[in-house]
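Here's the structure we're looking at; comments come further down.
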Amino acid sequence: MEHSEKDQTAEDQRRVKKTDILRSFQVSFFAMSRLASLPWTFLEEDLRSNKSSELVSDILKQTCLHSLCRKFPPSGRYRRLFLSELIRQEAADGEPLDELYDALAEVVGAEDCTECYKSYILPCGDAVSLLENVALISEGTTGLVTWEAALYLAEWALDHQQTFLGRTVLELGSGVGLTGITICRSCSPNRFIFSDCHTTVLQKLRDNVQLNGLTEQLCPAVRVEQLDWTTVTEEQIKRVRADTVIAADVVYDPDIIESLVKLLSKIMRCSSAEVLPEILICSTIRNPETYSGFKQQLEKAGIGHRVITGPVSHVFPYNRISSIEMIKLYR
Ligand SMILES: C[S@@+](CC[C@H](N)C(=O)[O-])C[C@H]1O[C@@H](n2cnc3c(N)ncnc32)[C@H](O)[C@@H]1O
């Protein structure tokens, strides 16, 4: 290979790598991922070898100065920490960049709120933006933030869109709505019923569904229902007529497992033998005893399960060290 050709190939590879790095900064920033998980090492190396702040400027454009940040900003605290780290990196080897300090000045006085926007960027480039609480548990519920199993189930859905195509989907314990909204935006279901039991969660869920442009009038026809596993009636289940039932991170509390299993039995009882709905439960296994207790109760209720294995495409940024399992139920 001629020298110039080699140089060209190296330059092309650097450009591809730079595009990936910029995307990684953007995806992580809008989902408010742990700052330590961002690709700072690449930036550090780039600053050291080029002595130019071009990459810092590009990162800024894809994050704090991006139109999505104006519309759905991550928390002020997160933006402050993010910008401080960019400034720290740039101070070591780059030229001072005015827009970096202007961006910091904008957030320096921002109040720390209990709520913030998180945006999850889909492979098509669109974002699912959600209003979430900053604290993992607040107002006595776990339902005001997006959990890892919801992100995993959404990634699985993006890889298996035919499971939802033209279907009526019921989601149990929807929380703030990430999985369902991703499915509605990408997998063309016919109807989608989000559900939960907690009043504040239901309100936030309704707001997020609306924020993402989903309504009962458009296709998919979307509804948000109060569906409490402890009080749900067979009539309510029959009215929904779901072909597919999904739930993410609903097996975490031994006290609610019994009512969840009773509900799953009811769903199976209410459907005809020929057209059983496809039921998918995705769980983060935090406590193996709680999880195996759930499986034992399923067995006692005459419900079989099969573990769905296989990798999923990595779309959203989250900690993949946690043990997540997805099961499909059958009678
Ligand atoms: C850990 S959160 C998971 C939320 C969301 N699926 C996710 O993974 O991000 C559990 C959800 O189950 C809901 N939940 C708990 N008990 C319930 C019940 N008895 N009936 C309906 N929903 C319930 C909570 O309100 C909460 O939204």
Hey, can you grab everything whose amide H is under 5 Å from the amide H of ILE279? Only 5+ residues off in sequence or another chain; H modelled, so Pro and N-termini drop out. VAL245, LEU329
Starting from the amide H of SER195, placed 1.01 Å from N in the peptide plane, find each other amide H under 5 Å away whose residue is 5 or more places distant or on another chain. GLU171, GLY173, SER174, GLU225
Relative compactness, region 136-265, computed as alpha-carbon Rg over 2.2 N^0.38 Å: 0.98
So what are the ³J(HN,Hα) numbers for region 163-170, from phi and the Karplus equation (6.51, -1.76, 1.60; θ = phi - 60°), rounded to whole Hz, Gly and Pro as x? 5, 10, 4, x, 8, 9, 10, 10
Which length gain, in nm to one decimal place, applies between LYS262 and SER138 when the Cα-Cα distance is subtracted from 0.36 nm times their residue separation? 41.9 nm
For region 1-47, just list the percent of Cα-Cα distances falling in each 10 Å bin from zero outward, please. 25, 40, 22, 11, 2
Restricting to the chain, what percent of DSSP beta bridges are antiparallel, rounded to 5? 50
At what distance in nm do the modelled label points of ALA301 and THR200 sit from each other, each positioned 7 Å from its Cα along Cα→Cβ? 2.8
Given N residues in region 198-325, what is Rg(Cα) / (2.2 N^0.38 Å)? 1.17
Stretch in the chain that is longest and holds no GluC sites (Glu not before Pro) that DSSP places in a loop and that have at most 16 other beta carbons within 10 Å: 3-110
Would you mind getting me the FRET efficiency between VAL108 and ALA221? Use the beta-carbon distance for r and R0 = 30 Å, nearest 0.05. 0.10
May I ask you to evaluate 6.51 cos²θ - 1.76 cosθ + 1.60, the Karplus curve with θ = phi - 60°, for each residue of region 214-228 and list the ³J(HN,Hα) values in order in whole Hz, giving x for glycine and proline? 9, 9, 6, 7, 8, 9, x, 6, 10, 9, 10, 10, 7, 9, 9
Selected from ALA157, ALA301, ALA242 as most flexible by GNM, with the chain as the system and alpha-carbon contacts under 10 Å: ALA301
Candidate lysines - alpha carbon under 17 Å from LYS71, same-chain residues fewer than 8 apart omitted: LYS61, LYS118
What number, in percent, do you get for the relative contact order of the chain if the mean sequence gap of Cα pairs under 8 Å and at least 6 apart is divided by its residue count? 14
Describe numerically, in nm with one decimal, the distance between label points set 7 Å from Cα along Cα→Cβ at LEU81 and at ALA36. 1.1
Label-point gap, in nm, between GLN210 and ARG48 - each point 7 angstrom along Cα→Cβ: 5.2
For region 3-113, how big is the tail of P(r) above 17 Å, as a whole percent of Cα pairs? 55
Show me the three semi-axes of the equivalent ellipsoid for region 40-188, from the C-alpha gyration tensor (sqrt of 5 times each eigenvalue), largest first, rounded to whole Å. 35, 20, 12
Jot down the per residue volume, in cubic angstrom and as a whole number, of the convex hull over the alpha-carbon atoms of region 237-297. 81
Where the centroid of each part is defined by its Cα atoms, how far is region 268-327 from region 36-108 in Å? 40
Region 219-264 versus region 175-202: alpha-carbon centroid distance in Å: 12
Calc'd 3J(HN,Hα), region 232-246, phi into Karplus 6.51 cos²θ - 1.76 cosθ + 1.60 (θ = phi - 60°), Hz, glycine/Pro = x, comes to 4, 9, 5, 4, 4, 5, 5, 4, 6, 6, 7, 8, 9, 10, 10
Need the list of aspartates and glutamates near LYS266 for cross-linking: C-alpha distance under 19 angstrom, and skip anything on the same chain fewer than eight residues off. GLU171, ASP196, GLU225, ASP228, GLU234, GLU235, ASP243, ASP255, GLU258, GLU274, GLU278, GLU299
Direction-averaged shadow area of the convex hull around the Cα atoms of the chain, nm²? 20.0
Given a 10 angstrom Cα cut-off, can you work out which residue in ARG23, ARG206, ARG79 is the most mobile in a GNM of the chain? ARG23
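Coordinate-derived values only; no laboratory data. Only a predicted model underlies this, so the values are computations on that prediction, with no experimental measurement involved. Neighbour counts run over all protein chains shown; Cβ positions are idealised from the backbone, glycine included.
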